[in-house]
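Q: Mind having a look at this structure? Questions to follow.
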Amino acid sequence: MTLPSPSAVPSVLDLAPVVPVVVVSDAADAVPLARALVAGGLPAIEVTLRTPGALPAIRAIADAVPEAVVGAGTVITPGQADEAVAAGARFLVSPGWTDVLLAAMRGSGVPFLPGVSTTSEVVALLERGVREMKFFPAEAAGGTAYLRSLSGPLPQARFCPTGGIGPASAPDYLALPNVGCVGGSWMLPADAVAARDWARIERLAREAAGLSAGARCR
């Protein structure tokens, strides 16, 4: 897979069908973890800003794993958007949005996915010229049935559903016409991360990449 340069990432939704959502407790694990995901066929990596090690992890991946496209997730303030991009994040993802946060992400210079869970939020973003969004929490907010119902009246909106998605449900999401990719952490089981079992994570990543290929062939 040939990845776009940092200045030429056109869309988060087009980077990869499955985006691993990573919570990094120890920044020292970031590089081997990213290498395992990339080797397994998942080059787009969302590091959530939930831990003190998140920004150092983004910086380390950006510096040491050029094959990866690393982004920042759980962006909820303009300051976090600025810090993430300064650390090397090539895309931003938020669980929700406000006009202030949206302005910061739009001004960051990198692609972004503001989070939505209702039709009104989707329409509000479309009014503001944003067509690509994170659907969160996907399973709790209505899952594939909800997204399928949006594709009729709002076909211009595209989504990355995240939240409660696993290997059994990912292909169903990816088969929807308004879904570009899904986010999830099922390929990063806690015991494998704690044991630094990078070979297992690479294998699970490869299985996830295979799921996405199967869904696109439906």
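Q: Over the Cα atoms of the chain, what radius of gyration and what Dmax do you get, in Å?
A: When restricted to the Cα atoms of the chain, Rg and Dmax are 16.0, 47 Å.
Q: In whole Å, how far is the Cα centre of region 149-218 from that of region 19-92?
A: Going from one Cα centre to the other spans 18 Å.
Q: Compute the orientation-averaged projected area for region 124-167 from the convex hull of its Cα atoms and round it to one decimal in nm².
A: Numbers: hull surface 12.6 nm².
Directional mean of the projected Cα hull area for region 124-167 stands at 3.1 nm².
Q: What does the extension gain come out to for I76 and A175, with contour length at 0.36 nm per residue minus their alpha carbon separation? Each step should come with its number before you reach the end.
A: Details: separation 99, 0.36 × 99 = 35.64 nm, distance 2.95 nm.
In short, 32.7 nm is gained.
Q: Another question, if that's okay. Tell me, what are the semi-axes, in whole angstrom and largest first, of the equivalent ellipsoid of region 52-172 as set by the roots of 5 times the Cα gyration tensor eigenvalues? Mind showing how you got there, number by number?
A: Details: eigenvalues 135, 64, 26 Å².
Computed over region 52-172, the values are 26, 18, 11 Å.
Q: When averaged across all projection directions, what area in nm² does the alpha-carbon convex hull of region 141-206 cover? Numbers along the way, then the final one.
A: On the way: hull surface 19.4 nm².
Averaged projected area of region 141-206's Cα convex hull equals 4.9 nm².
Q: One-quarter of the Cα convex hull surface for region 108-218, in nm²?
A: If I average the Cα hull's projected area over directions, I get 8.2 nm².
Q: To continue, here is another question. How long is the gain from A195 to T118 if the chain were fully straight, where each residue apart is worth 0.36 nm and the alpha carbon distance is subtracted?
A: Extra length from A195 to T118 when fully extended: 23.8 nm.
Q: Check K134: other-chain or 5+ apart residues with amide H under 5 Å from its amide H, H built from backbone geometry?
A: It is G115, V116, C160, by chain and number.
Q: Please report the carbon-and-sulfur percent of the accessible area for the chain; probe 1.4 Å, protein heavy atoms only, DNA, RNA and ligands left out. All intermediate terms of the calculation are to be shown ahead of the outcome.
A: Details: 5060 of 9000 Å².
For the chain, the apolar C and S fraction of the accessible surface comes to 56 percent.
The values are calculated or read from the model by the stated rules, or taken from the named source; none is laboratory data. For clarity, every value in this text was computed on a predicted model and none was experimentally measured. Ligands, DNA and RNA are excluded from the accessible area calculation, which covers all protein heavy atoms including side chains. Shrake-Rupley method; radii C 1.70, N 1.55, O 1.52, S 1.80 Å.
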